[in-house]
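Here the structure comes first, spelled out in structure tokens, and everything after it is commentary.
The values are calculated or read from the model by the stated rules, or taken from the named source; none is laboratory data. Everything numeric in this text was worked out from a predicted model, so none of it was measured. Every residue, glycine as well, gets a Cβ built from its backbone with ideal geometry; the counts of neighbours run over all protein chains shown. Accessible surface areas use protein heavy atoms only, side chains included; no ligands, DNA or RNA. Shrake-Rupley method; radii C 1.70, N 1.55, O 1.52, S 1.80 Å.
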Amino acid sequence: GENSFGSGTENDIVFPDKADAYCGSLLLEEGKVTLQVAEGVEITSEGSPVSELVLYNDHAKNTTRLQQGDLAWYIIKRGERYGIRIRDHKHPRIDELDHIPSYPIDTAYVVEATLEAFDKPRIMTVPTPLEGFTEEYECPGILKFKIKGNELELYPFTSGKGYFLVIADETTGLDTYGAGRFMYAERGPKGKAILDFNKAYNPPCAFSAFATCPMPPRENFVPFAIE
């Protein structure tokens, strides 16, 4: 149905104070979200003011991105639920984050892996911090490799021409973030891939309670510390 939005507390969806008290409404019908901007309110898309616009969510290649002053936002779809992901590009917390602690670079954590491909890719269901919501990813096989004398394997997710991995290890929740780390790997010839664990990084949910990050699948719990 129709959802009013703006910074006023009487709205169905309450935006930060930087927004107008009443910005307009968002109409959700059969999976389609239509923006209707209130008279006198300026909201832009690709630099041009809009008054009524169908909004493509983050599952579409042409996701509709909107701007109002310092605020930027778009529609997200999680399962059958819809929400608004909003960012304040001048939020004071941005300047407060002066560094992110990390381990020293260690070339011993750069290794070659071999993909043991499944007969056909499997769909893996992965939990998220959002209660009752899971995500599904395509897994093409198992990456097998050796690191610091340990023979290990990880289940990668297909990501473009490479792999996306969500991992946990014995530092998780102690020295590193409790919901694991993300990393990407390029797909090489003959099923080979280079895994550089120095490039494993914190997921967005390490910085914001409003993220819906995939958690590490049980298969990707590494039984020793990756520092």
key: Residue in segment 194-211 that is surrounded by the fewest Cβ atoms within 10 Å (Cβ to Cβ), counting only those that are without any contact (Cβ under 8 Å) to a residue 24 or more places away in the chain and under 14 Å from ILE100 (Cα atoms)   = PRO204
request  = Looking for whichever is out of contact with any Pro (no Cβ under 6 Å at 6 or more places or on another chain) and modelled with pLDDT of 95 or more here; the options are PHE221, PHE182, PHE207. Which one fits?
outcome  = PHE221
message = For the structure I just gave you, tell me whether THR172 is hydroxyl-bearing (Ser, Thr, Tyr) and without any contact (Cβ under 8 Å) to a residue 60 or more places away in the chain.
response = yes
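Determine which member of the set GLU153, GLU116, GLU138 is over 16 Å from PHE182 (Cβ atoms) and in contact with a Gly (Cβ under 6 Å, 6 or more places away or on another chain). Walk me through how you get there before you give the answer.
On the way: GLU153 fails: in contact with a Gly (Cβ under 6 Å, 6 or more places away or on another chain); GLU138 fails: in contact with a Gly (Cβ under 6 Å, 6 or more places away or on another chain).
That would be GLU116, the only listed residue that is over 16 Å from PHE182 (Cβ atoms) and in contact with a Gly (Cβ under 6 Å, 6 or more places away or on another chain).
Quick grid of which residues meet (1) open to solvent by 50 Å² or more (accessible area, probe 1.4 Å); (2) within 30 Å of ASN150 (Cβ to Cβ); (3) among the aliphatic types (A, V, I, L, M):
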residue: SER7; (1), (2), (3): no, no, no
residue: GLU10; (1), (2), (3): yes, no, no
residue: PRO16; (1), (2), (3): yes, no, no
residue: SER25; (1), (2), (3): no, no, no
residue: TYR74; (1), (2), (3): no, no, no
residue: ARG81; (1), (2), (3): yes, no, no
residue: ASP88; (1), (2), (3): no, no, no
residue: PRO92; (1), (2), (3): yes, no, no
residue: LEU97; (1), (2), (3): yes, no, yes
ask   = Out of segment 35-45, which residues are more than 15 Å from ILE75 (Cα to Cα) and surrounded by fewer than 16 Cβ atoms within 10 Å (Cβ to Cβ)?
value = GLU39, GLY40, GLU42
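Can you give me the ranges of the strands (runs of 3 or more DSSP E) entirely in segment 119-182 with at least 3 residues that are open to solvent by 60 Å² or more (accessible area, probe 1.4 Å) and not polar (S, T, N, Q)?
134-147
Can you find even one residue in segment 99-111 that is more than 30 Å from LYS148 (Cβ to Cβ) and surrounded by 15 or more Cβ atoms within 10 Å (Cβ to Cβ)?
Going residue by residue through segment 99-111, those that are more than 30 Å from LYS148 (Cβ to Cβ) are none.
Looking through segment 99-111, none of the residues is more than 30 Å from LYS148 (Cβ to Cβ) and surrounded by 15 or more Cβ atoms within 10 Å (Cβ to Cβ).
Mind checking which residues of segment 33-60 are farther than 21 Å from THR212 by Cβ and charged (D, E, K, R)?
Looking only at segment 33-60, we keep the residues that are farther than 21 Å from THR212 by Cβ, and these are 34-54.
Selection gives GLU39, GLU42, GLU46, GLU52.
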